[in-house]
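Here's the structure we're looking at; comments come further down.
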Amino acid sequence: MGKNVDDLAQLKQFKEWFDNRHEYAKKWKKKTGGKVVGYYCTYVPEEILYAAGVLPVRILGSHEPESITRPYLHDMYCPFCHDTLAQGLEGRYDYLDGVTLAQSCLHMRQSYFSFVDRVPNIEWDYYLPFPHGVTNPYAADFAKHEFENFKAAVEDWLGVTITDRDLDRAIEVYNKNRELMTKVFEMRKADNPPITGLHAMYMVVSSQVVDKAEHNEVLEGFVEELQDVENDREIGTRLMLIGSEDYDKELFELIEYGMNYPATFVFEENCTGARYFWGLVENGDDRLMALAKRYVYRVPCPAKDWARGDFFGRRRFQFIEEVIKDYNVDAVIIAQMKFCDPHELDIPALREMLDNMGVTHLHLELDLTQPVGQFRTRVEAMIEAMGEEDLFI
Amino acid sequence: MVTVQESEYWRWPESIWVDESKNWQDAEVISCGIDLGSVSTQAVVMLDGELYAYANMRTGTSSAASAEKAVNAMLEKIGDMKRDDIHYIVGTGYGRVSIPFAQKTITEIACHGRGAVYVYGDKVRTVLDMGGQDLKAIKVDSRGKVINFLMNDKCAAGTGRGIEVVCDLLSIPITEAGQLSLQVDEEPEPVSTTCVVFAKSEILGLIRKGWGKERILAAFFNAVASRVVELLERVGVEPEFAITGGISKNIGVVKRIEDKLGLKALEPKYDPQLAGAIGAALFGRALYIKSKK
């Protein structure tokens, strides 16, 4: 008799870290006496912070209605920007020593600068320019140069020197995390994937808010235990999630656990899923160039993949196409954060690609909280349209 | 003593009907569909896939009680049929998950597609369902199977609930509003928003400016029609085109949609507000037959 994934101690740990991320960071700080830096956007080279003994944590929202960000952010900036800033203004990030942003989109930048200006406990901040066109042949050189400045700023703030050895250690820890999470994702290619999208979200997002070395220890056990997992749930329609950051458990609970028809996410192509950890740092003599190449050549965010694709082509689309085939995806849910311009610009081309591949897709617009009833109707209607031929008599 | 005469202008007539020419006991499969919408609830009984009886009632605060009320009213009208005599009950609509006695639930998108073919014939390819708080543009094949659909987002602007509010504000019975809105010499500009709250403020401004009720209604329905056409164009309109849901009875909205699309909507064979419940009942028949195989 196989194990039930929900009973695994490792999964419970991921969920615990996800639910109590602020408490974790506070305890870590107390235990180690180290600094905690919040980061906006997954283009921040966390390894440099980690090499200096800093705990990098991703700044996330709470999916609760708020009304305190309007003086600083335009109404038509995305709900993620509002939600993250609200957390800072409400004092939930009162343990942060610093905050940083790798340039991604204008909404995020505005939220970041407001966070820097309005959250009183921030003693260090760093705006990290990052190339917009990651398909540009000079992008890695640009990123390397900026990473040098970033490293120098971290050293200056902490009064330390980040050696190559420190960087090697950090790269090793981060690569291990990436490798292990990729292994878990690979298991989802199976006819009966051991985990759901909700489980994957807990795993990936918890890795963004805890010490990676600690996360690796749990992950190693998780990978091992998953070999013996036997699912008793009906997998149903194999879904792929494509889009903006999505760590709203309500959405996963609705689609995977709360519908009239069984459905399971087998892959999440977003920055709280595969886009965060896919692709290793190929370390070499020039550590910062190795890091630069990893971040520039990773599966890109639509904010970075817009440039003319004459160097590498649209890498994100190529990646999506491969995943759909490898993971035997039946249908795609495009979940885009409301007002997220980069995604909005990409979606027409994405739809066209999916249509050409003959893959069913549905577009949902995410907000601070989700219209559960309407989403349910749409996803169920999509699944109904994919089958039920025998009901037309 | 001052007496205040209150009138509920938004209130549309509830209806119950049974086909007296048929004997339900002769039927092999008796199926029932319940479309529990945000504003109205329809229950239909079909005998071997043909419409036999229906009730169209207002949805109350309890979904389960609303479904029960509609089914009971219909059964009472039939007379000798009990709920147990029905072979299969399918629930649809916004409140479908809250119908305790439904054997299965199917989305209103699938049901309106299926029901539209029954109500309008198998030539229909584009179905616009205009309900109490949703607008849905649905493309179907000749069997009424959904090929593609689009639904309005969270906001219920330009839907049935909005029309109820405007009718109340102008003290016009909702059943007369459509016809009245066509009594204008020249079509006015649409109100700038279909958002119920903002439209209400804008309409109050128009009243103060001295606009007549016909003109105000025309401006509001013009805006509703524009919003609907935008949704339809996103999904792609293919003739033949049909409208289901409560607003299909509002000639003021329908006529304006037709004008904007340059297409005439099909004439219904049955009450188009019943399409969702009819679709559900037809699926119920298929499910019953499938279960017996």
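Can A:Lys3 be described as over 30 Å from A:Arg298 (Cα atoms), of a type in the set (D, E, K, R) and outside the structural domain of A:Asn121 (by TED's automatic domain parsing)?
Details: over 30 Å from A:Arg298 (Cα atoms): yes; of a type in the set (D, E, K, R): yes; outside the structural domain of A:Asn121 (by TED's automatic domain parsing): yes.
Spelling it out, A:Lys3 is indeed over 30 Å from A:Arg298 (Cα atoms), of a type in the set (D, E, K, R) and outside the structural domain of A:Asn121 (by TED's automatic domain parsing).
Taking the conditions (1) without any contact (Cβ under 8 Å) to a residue 12 or more places away in the chain; (2) in contact with a Cys (Cβ under 6 Å, 6 or more places away or on another chain) in turn, B:Tyr9 satisfies each one other than (1).
Among the residues of the range B:251-274, is any at pLDDT below 90, out of contact with any strand residue (DSSP E or B) (no Cβ under 7 Å at 6 or more places or on another chain) and away from every other protein chain (no Cβ under 14 Å)? Checked against the condition, which is being at pLDDT below 90, out of contact with any strand residue (DSSP E or B) (no Cβ under 7 Å at 6 or more places or on another chain) and away from every other protein chain (no Cβ under 14 Å), the range B:251-274 yields no hits at all.
All conditions but one from (1) of a type in the set (A, V, I, L, M); (2) more than 14 Å from chain A (Cβ to nearest Cβ); (3) without any contact (Cβ under 8 Å) to a residue 24 or more places away in the chain apply to B:Val165; the one that does not is (3).
Taking the range B:131-145 as the range and being closer than 24 Å to B:Thr59 by Cβ and either of a type in the set (A, V, I, L, M, F, W, C) or within 11 Å of another protein chain (Cβ to nearest Cβ) (or both) as the test, the residues that pass are B:Gln133, B:Asp134, B:Leu135, B:Lys136, B:Ala137, B:Ile138.
Of the residues B:Ala110, B:Ala116, B:Ala102, the single one that is touching a residue at least 40 places away in the same chain (Cβ under 8 Å), within 14 Å of another protein chain (Cβ to nearest Cβ) and closer than 12 Å to B:Thr244 by Cβ is B:Ala116.
Quick grid of which residues meet (1) within 22 Å of A:Pro371 (Cβ to Cβ); (2) surrounded by 21 or more Cβ atoms within 10 Å (Cβ to Cβ):
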| position | (1), (2) |
| --- | --- |
| A:Gly236 | no, no |
| A:Leu241 | yes, yes |
| A:Asp248 | yes, no |
| A:Leu254 | yes, no |
| A:Glu268 | yes, yes |
| A:Gly279 | no, no |
| A:Asp286 | no, no |
| A:Lys293 | no, no |
| A:Val296 | no, yes |
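The one condition from (1) crowded, with 18+ Cβ neighbours inside 10 Å; (2) assigned by TED's automatic domain parsing to the domain that holds A:Gln87; (3) under 20 Å from the mean Cα position of the chain (by Cα) that A:His132 does not meet is (1). Exactly one residue among A:Glu155, A:Glu179 is touching a Ser or Thr at 6+ places or on another chain (Cβ under 7 Å) and surrounded by fewer than 21 Cβ atoms within 10 Å (Cβ to Cβ), and that residue is A:Glu155.
Hey, which of the helices (runs of 4 or more DSSP H) in the range A:136-253, taking only ones fully inside, have at least 1 residues that are hydrophobic (A, V, I, L, M, F, W, C) and farther than 25 Å from A:Ala335 by Cα? Correct list: A:139-158, A:164-187, A:212-226.
Flag set for B:Leu128, criterion: more than 9 Å from every other protein chain (Cβ to nearest Cβ) and modelled with pLDDT of 90 or more.
Condition check for A:Glu46 on (1) touching a residue at least 24 places away in the same chain (Cβ under 8 Å); (2) out of contact with any helix residue (DSSP H, G or I) (no Cβ under 6 Å at 6 or more places or on another chain); (3) acidic (Asp, Glu); (4) surrounded by fewer than 19 Cβ atoms within 10 Å (Cβ to Cβ): one failure, at (4). Of note, A:Ser111 does not satisfy the criterion of being of a type in the set (Gly, Ala, Ser), modelled with pLDDT under 95 and either part of a loop (DSSP other than H, G, I, E, B) or surrounded by 22 or more Cβ atoms within 10 Å (Cβ to Cβ) (or both). Looking across the range A:14-37 at every residue that is under 19 Å from the mean Cα position of the chain (by Cα), hydrophobic (A, V, I, L, M, F, W, C) and in a helix (DSSP H, G or I), the one that is surrounded by the most Cβ atoms within 10 Å (Cβ to Cβ) is identified as A:Phe14.
Applying the criterion of being in a helix (DSSP H, G or I) and facing chain B (nearest Cβ under 9 Å) to the residues of the range A:363-374, the residue that is farthest from B:Asn148 (Cα to Cα) is A:Gly373. The range A:257-350 holds helices (runs of 4 or more DSSP H) entirely within its bounds, and those carrying 2 or more residues that are without any contact (Cβ under 8 Å) to a residue 12 or more places away in the chain map to A:315-326. Do we find that B:Ala102 is assigned to a loop (DSSP other than H, G, I, E, B), among the aliphatic types (A, V, I, L, M) and either modelled with pLDDT under 95 or over 30 Å from B:Glu238 (Cα atoms) (or both) in this structure? The answer is yes for B:Ala102.
Condition (residue is part of a helix (DSSP H, G or I) and aromatic (Phe, Trp, Tyr)) applied to the range B:221-231: is it met by at least one residue? For the range B:221-231, residues part of a helix (DSSP H, G or I) and aromatic (Phe, Trp, Tyr): present.
If you go through the range A:365-374 and pick out every residue that is free of Cβ contacts under 8 Å to residues at least 40 places away in the same chain and surrounded by 19 or more Cβ atoms within 10 Å (Cβ to Cβ), you end up with 1.
Considering the range B:24-58, and only residues there that are under 13 Å from the mean Cα position of the chain (by Cα), touching a residue at least 60 places away in the same chain (Cβ under 8 Å) and assigned to a strand (DSSP E or B), the residue that is farthest from B:Val71 (Cα to Cα) turns out to be B:Ser40.
From the list B:Lys123, B:Lys145, B:Lys139, B:Lys104, the one residue that fits, being over 16 Å from the mean Cα position of the chain (by Cα) and either of a type in the set (S, T, N, Q) or farther than 26 Å from B:Leu263 by Cβ (or both), is B:Lys104.
Screening A:Glu352 with (1) surrounded by fewer than 18 Cβ atoms within 10 Å (Cβ to Cβ); (2) under 15 Å from A:Asp330 (Cα atoms); (3) more than 11 Å from every other protein chain (Cβ to nearest Cβ) gives one miss only, at (2).
Take the residues of the range A:375-393 that are part of a helix (DSSP H, G or I) and free of Cβ contacts under 8 Å to residues at least 40 places away in the same chain: which is farthest from the other protein chains (Cβ to nearest Cβ)? First the steps, then the outcome.
Initially, the range A:375-393 is screened for residues part of a helix (DSSP H, G or I), giving A:375-386, A:389-391.
Checking the rest, the ones that are also free of Cβ contacts under 8 Å to residues at least 40 places away in the same chain come to A:377-378, A:381, A:385, A:389-391.
Details: A:Thr377: 5, A:Arg378: 6, A:Ala381: 4, A:Ala385: 4, A:Glu389: 8, A:Asp390: 6, A:Leu391: 4 Å.
Across the range A:375-393, the extreme among qualifying residues is A:Glu389.
If you go through the range B:84-92 one residue at a time, do you hit one that is within 12 Å of chain A (Cβ to nearest Cβ), surrounded by 24 or more Cβ atoms within 10 Å (Cβ to Cβ) and under 14 Å from the mean Cα position of the chain (by Cα)? Checking the range B:84-92: at least one residue is within 12 Å of chain A (Cβ to nearest Cβ), surrounded by 24 or more Cβ atoms within 10 Å (Cβ to Cβ) and under 14 Å from the mean Cα position of the chain (by Cα). For the range B:262-275, indicate whether the set of residues that are within 22 Å of B:Val191 (Cα to Cα), free of Cβ contacts under 8 Å to residues at least 60 places away in the same chain and part of a helix (DSSP H, G or I) is non-empty. No - not one qualifying residue is present in the range B:262-275. Here B:Tyr88 passes the criteria (1) out of contact with any helix residue (DSSP H, G or I) (no Cβ under 9 Å at 6 or more places or on another chain); (2) at pLDDT 95 or above; (3) farther than 26 Å from B:Leu232 by Cβ except the one numbered (1).
The values are calculated or read from the model by the stated rules, or taken from the named source; none is laboratory data. Computed from a predicted structure; not experimentally measured. All Cβ positions, even for glycine, are placed from backbone atoms using ideal geometry, and neighbour counts span all protein chains on display.
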